[in-house]
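The values are calculated or read from the model by the stated rules, or taken from the named source; none is laboratory data. Treat the numbers as computed from the prediction; the structure is a model and nothing was measured. Heads up, the Cβs are rebuilt from the backbone with ideal geometry, glycines too, and the neighbour counts pull from every protein chain shown.
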Amino acid sequence: MVATSASPLLQAAAGGGALLFRQLFDAPTGTFTYLLADVRSGEGVLIDPVFEQHERDLSLIRELGIELVACLDTHAHADHVTGSWLMHEATGCAIALSAAARAENVTQPLQHGDRVSFGGRHLKVRSTPGHTDGCVSFVLDDESMAFTGDALLVRGCGRCDFQQGNAHTLWRSITEQIFSLPEACLLYPGHDYTGRSVTSVAEEKAFNARLGGSASERDFVGHMENMKLPHPGRIAEALPGNLRSGKPRDGVAPVSWAPLQRSYAGLPELLPDWVAEHLGALTILDVRSAEEFNGPDGRVPGSLLLPLAELEQRNGEIPPDRPVVVVCHSGSRSALATQQLLKAGRGQVANLRGGLSRWGDEGYPLESATAR
Ligand SMILES: N[C@@H](CCC(=O)N[C@@H](CS)C(=O)NCC(=O)O)C(=O)O
Ligand SMILES: [Fe+2]
């Protein structure tokens, strides 16, 4: 059922439009991930998530209040492991991949012509093999944008020299399935290695270096069959990983020392309830001034004072044997302190989300200097 109450935050994040669209990037592999959400219902989909970027993607989805209905992979990637299974574990979303890829843990096997719906919007699946035999492209309902994976890259295209690749097949996929979209349809690629992020049907027809302009199928195939690219550095890990939809070999998601919620700002954070329950096993590091620490706002019982300005010189005073939760009034100064401690090599450190202000609002105990 499609809900009808739009969240004001999601609406604003979408620039006031009906569709939220975000392009995310994994720099080590040059991979793009795309988040789309129907603002009215709050339902969204994530295209081509990267395993190592799972926390980043999840934090954005949570901060914007999106209900993720599916992770979609354009193909079984050879250069990185998908984050789809991790996202499925975290949100219960479907895992959608071409049935032709024959991967495990797929909950929504895709065929040409299928629709993947999110709220009142949908993506239409077009089969675009050639880079791999299971490649698909996703076309937005109004044909204003399409996600071409590695079938078509900006001024380039996916290689055809492994994973059942075939340059003749890719020629047909691009010319029949992608170039048949409206000229103004924006094309979002699976990768770029030089900083380009988007193109359009008209541009690629004119300027694609492998099949644009007056290039014939023979020109294209001649180009593709003589590229002599080295294999992707992580192919040995990526291919089996993606044939499990990114489920680790031991079947277990990586665990951390606490239920950390990474913010989209990149910070490990903990919520007051968990911190209150585990106070005895943690060092609560208060980085406000001594005046505030001893003032009327109070402090978390048993906390250690180390003002932010002195932290770098004095971090040796923090007990080495316990995880550290950093606090300040709002969570802003403690965010910088958390980053500084992480940079100094401390492993188990997190920021208290919302700081003492949220801690007090939620009714957790505060002690004051005078009450001691
Ligand atoms: N150097 C990259 C490999 C990049 C690569 O082979 N990318 C594939 C996509 S999975 C491709 O089709 N590249 C086309 C091209 O570079 O023209 C790595 O080691 O990961
Ligand atoms: Fe690829």
> Restricting the range 219-259 to residues that are at positive phi and within 16 Å of ligand 2 (Cβ to nearest atom), which is surrounded by the fewest Cβ atoms within 10 Å (Cβ to Cβ)?
Replying inline: Ser245
> So, of the residues in the range 343-363 that are of a type in the set (A, V, I, L, M, F, W, C) and closer than 18 Å to Pro259 by Cβ, which turns out to be nearest to the chain's Cα centre (by Cα)?
Replying inline: Ala350
> Do you know which of the residues in the range 89-114 that are surrounded by fewer than 21 Cβ atoms within 10 Å (Cβ to Cβ) and farther than 24 Å from Gln164 by Cα is nearest to ligand 2 (Cβ to nearest atom)?
Replying inline: Ala94
>> Restricting to the range 205-216, name every residue that is surrounded by 14 or more Cβ atoms within 10 Å (Cβ to Cβ) and more than 14 Å from ligand 1 (Cβ to nearest atom).
In response: Lys205, Gly212, Ala215
> Among Ala215, Ala276, Ala236, which is of a type in the set (A, V, I, L, M, F, W, C), farther than 19 Å from Pro49 by Cβ and in the same structural domain as Cys328 (by TED's automatic domain parsing)?
Replying inline: Ala276
>> Against the conditions (1) outside the structural domain of Ala350 (by TED's automatic domain parsing); (2) at pLDDT 95 or above; (3) within 25 Å of Ser84 (Cβ to Cβ), where does Val252 fall short? Just the number, please.
In response: (2)
> Taking only pairs six or more apart or across chains, which ones have beta-carbon atoms under 7 Å, a first residue in the range 68-83 that is more than 8 Å from ligand 1 (Cβ to nearest atom), and a second residue that is of a type in the set (Ser, Thr, Tyr) and modelled with pLDDT under 95?
Replying inline: none
> Taking the stated definitions as given, is Gly17 surrounded by 21 or more Cβ atoms within 10 Å (Cβ to Cβ) and either over 24 Å from Val252 (Cα atoms) or of a type outside the set (Ser, Thr, Tyr) (or both)?
Replying inline: no
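Conditions tested, residue by residue: (1) under 23 Å from Gln261 (Cβ atoms); (2) surrounded by fewer than 17 Cβ atoms within 10 Å (Cβ to Cβ); (3) touching a strand residue (DSSP E or B) at 6+ places or on another chain (Cβ under 8 Å).
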| position | (1), (2), (3) |
| --- | --- |
| Asp286 | yes, no, yes |
| Gly298 | no, no, yes |
| Pro319 | no, yes, yes |
| Ser332 | yes, yes, no |
| Pro365 | yes, yes, no |
| Ser368 | no, yes, yes |
> From Arg121, Arg159, which residue is basic (Lys, Arg) and within 16 Å of ligand 1 (Cβ to nearest atom)?
Replying inline: Arg159
>> Suppose the filter is touching a residue at least 12 places away in the same chain (Cβ under 8 Å), part of a helix (DSSP H, G or I) and hydrophobic (A, V, I, L, M, F, W, C); does Leu285 pass it?
In response: no
> Does Ser137 meet the test of being within 21 Å of the chain's Cα centre (by Cα) and within 15 Å of ligand 1 (Cβ to nearest atom)?
Replying inline: yes
> How about the range 224-266: which of its residues are of a type in the set (S, T, N, Q) and within 11 Å of ligand 1 (Cβ to nearest atom)?
Replying inline: Asn242
> Restricting attention to the range 63-73, does a residue exist that is out of contact with any Gly (no Cβ under 9 Å at 6 or more places or on another chain) and not hydrophobic (A, V, I, L, M, F, W, C)?
Replying inline: yes
> Among the residues of the range 40-77, which ones are within 16 Å of ligand 2 (Cβ to nearest atom), within 9 Å of the chain's Cα centre (by Cα) and of a type in the set (Asp, Glu)?
Replying inline: Asp48
> Would the range 154-166 turn up any residue that is more than 16 Å from ligand 2 (Cβ to nearest atom), farther than 17 Å from Val45 by Cα, assigned by TED's automatic domain parsing to the domain that holds Ala238 and surrounded by 20 or more Cβ atoms within 10 Å (Cβ to Cβ)?
Replying inline: no
